[in-house]
Amino acid sequence: MNNNDIEYNAPTEVKYIDVVNAYDLEEEASKVVPHGGFNYMAGASGDEWTKRANDRAWKHKLLYPRLAQDVEAPDTSTEILGHKIKAPFIMAPIAAHGLAHATKEAGTARAVSEFGTIMSISAYSGATFEEISEGLNGGPRWFQIYMAKDDQQNRDILDEAKADGATAIILTADSTVSGNRDRDLKNKFVYPFGMPIVQRYLRGSAEGMSLNNIYGASKQKISPRDIEEIAAYSGLPVFVKGIQHPEDADMAIKAGASGIWVSNHGARQLYEAPGSFDTLPAIA
C-alpha cells in the first residue's frame with residue numbers, strides 16, 4: 001500500500017490451505033495479501049542480509065539423533081509461568097495482523113487458542129483488547145508494550161492489559177526507532193488502519209502513518225529503570241525482548257526481568273546484526 005491507495009483490501013476468506021512448510025505458506029500469502037502489506041511482513045532492513053543470516057544460523061547447527069531411548073509417544077507439552085502449553089513455542093508479539101487478514105489479531109487469537117499455546121498481544125495491534133479476547137476464548141495471553149514518552153500513559157496501558165487478563169509483560173527494547181526497511185521505503189508504505197491500544201500517544205489512530213512516525217511517538221530513551229518500573233507497577237513477570245548480547249541479558253535480569261527474549265526483531269531493525277540463533281550460545 002502507498003499513499004495513493006484508496007483502501008487496503010486484506011483477504012477475508014477463511015479456509016484450510018495445503019502447505020508443506022513455511023516457505024509454501026509465504027508463497028501462498030504473496031498471492032492474496034496486497035503488495036505493500038506483504039512486503040511489510042516479509043521484508044527486513046537493508047538488503048536483508050540479517051534476514052538471510054537468521055535462516056543460515058539454523059543450517060550450521062546440527063541435530064544429533066539419539067537412538068533406543070525407550071520412547072514411543074513423545075510429549076511436546078511444557079509449562080511456562082504456570083501455563084501448560086501444547087509445544088515449547090508461543091505466538092510472538094507482531095504488529096498489524098490486519099495486513100494479512102481482515103479478522104486481524106482476533107483471527108490469530110482463535111488459532112492460538114485452538115492450538116493450545118499463549119498469545120502475545122502487541123501494543124501495535126490493529127484490534128482492541130476486547131476483540132482479541134473474544135478470539136482467545138479464555139486462552140492465556142501476554143502483553144507486549146512499546147512505551148509512550150509519558151509514564152502515566154504507560155501505566156494506563158498496563159492497567160488495561162492486566163484488566164484484559166495478561167499474565168506477563170514483554171518490553172520490546174530493540175525498536176525505539178524504525179529500521180531502514182528498503183521494501184517499505186520503495187512502496188511508500190503507511191498503515192492502512194488504526195492501532196487502538198496506543199492511539200492515545202500517537203495523536204491519531206495510526207491510519208495513514210509511516211512506521212517512522214509511529215516509532216517517533218514512542219519512547220526512545222529506555223533504561224534498566226524502565227524494566228524495574230514496569231515490573232514493580234504491573235506486579236507481573238517482565239520479559240525483555242530484543243536481547244542479542246550477554247551483557248544486555250545480564251543487565252535485564254539484574255533490573256528485575258523474569259526472562260529474556262533473544263531476538264533481532266526478525267532482522268527488521270539493525271542491518272548486519274548477527275543471526276539470533278548464532279547469539280544464543282554466548283547469552284546462555
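The values are calculated or read from the model by the stated rules, or taken from the named source; none is laboratory data. Note that the coordinates shown come from a computational prediction; the quantities given were computed from them, not determined experimentally. All Cβ positions, even for glycine, are placed from backbone atoms using ideal geometry, and neighbour counts span all protein chains on display. What goes into the accessible areas is simple: the full protein's heavy atoms, side chains included, and nothing from ligands, DNA or RNA. Shrake-Rupley method; radii C 1.70, N 1.55, O 1.52, S 1.80 Å.
If Ile197 satisfies every condition in (1) closer than 24 Å to Thr117 by Cα; (2) surrounded by 17 or more Cβ atoms within 10 Å (Cβ to Cβ); (3) free of Cβ contacts under 8 Å to residues at least 40 places away in the same chain but one, which is the exception?
(3)
Of everything in segment 84-95, what is surrounded by 12 or more Cβ atoms within 10 Å (Cβ to Cβ) and outside any loop (DSSP other than H, G, I, E, B)? Give them in sequence order.
Those that are surrounded by 12 or more Cβ atoms within 10 Å (Cβ to Cβ) and outside any loop (DSSP other than H, G, I, E, B): Ile85, Met91.
Out of the residues in segment 265-284 meeting the condition of being of a type in the set (A, V, I, L, M), part of a loop (DSSP other than H, G, I, E, B) and open to solvent by 30 Å² or more (accessible area, probe 1.4 Å), tell me which one is nearest to Ser175 (Cα to Cα).
Here the residue is Leu270.
Tally up the residues in segment 59-82 that are touching a residue at least 60 places away in the same chain (Cβ under 8 Å) and either within 30 Å of Lys186 (Cα to Cα) or small (Gly, Ala, Ser) (or both), please.
1
Which residue is nearest to Ile197 (Cα to Cα), if the candidates are limited to segment 109-128 and must be open to solvent by less than 20 Å² (accessible area, probe 1.4 Å) and in a helix (DSSP H, G or I)?
Ala109
Could you go through segment 186-193 and let me know if any residue there is basic (Lys, Arg), open to solvent by less than 60 Å² (accessible area, probe 1.4 Å) and either outside any helix (DSSP H, G or I) or more than 30 Å from Phe38 (Cβ to Cβ) (or both).
The answer is no, given that none of the residues of segment 186-193 is basic (Lys, Arg), open to solvent by less than 60 Å² (accessible area, probe 1.4 Å) and either outside any helix (DSSP H, G or I) or more than 30 Å from Phe38 (Cβ to Cβ) (or both).
Can you name every residue in segment 202-244 that is open to solvent by 50 Å² or more (accessible area, probe 1.4 Å), more than 12 Å from Ala257 (Cα to Cα) and part of a helix (DSSP H, G or I)?
Asn212, Asn213, Tyr233
Return the pairs, sorted by first residue and then second, in which the second residue is open to solvent by less than 10 Å² (accessible area, probe 1.4 Å) and hydrophobic (A, V, I, L, M, F, W, C), the first residue lies in segment 115-143 and is within 17 Å of Ala102 (Cβ to Cβ) and in contact (Cβ under 8 Å) with a residue 60 or more places away in the chain, the beta carbons are less than 7 Å apart, and the residues are 6+ apart or on different chains.
Listed by first residue and then by second, the contacts come to Ser125/Ile132; Ser125/Met195; Ser125/Ile197; Gly126/Ala96; Gly126/Met195.
Tell me which helices (runs of 4 or more DSSP H) are completely within segment 1-83 and hold 3 or more residues being in contact with a Phe, Trp or Tyr (Cβ under 8 Å, 6 or more places away or on another chain), or say none if there are none.
Correct list: 35-42, 49-59.
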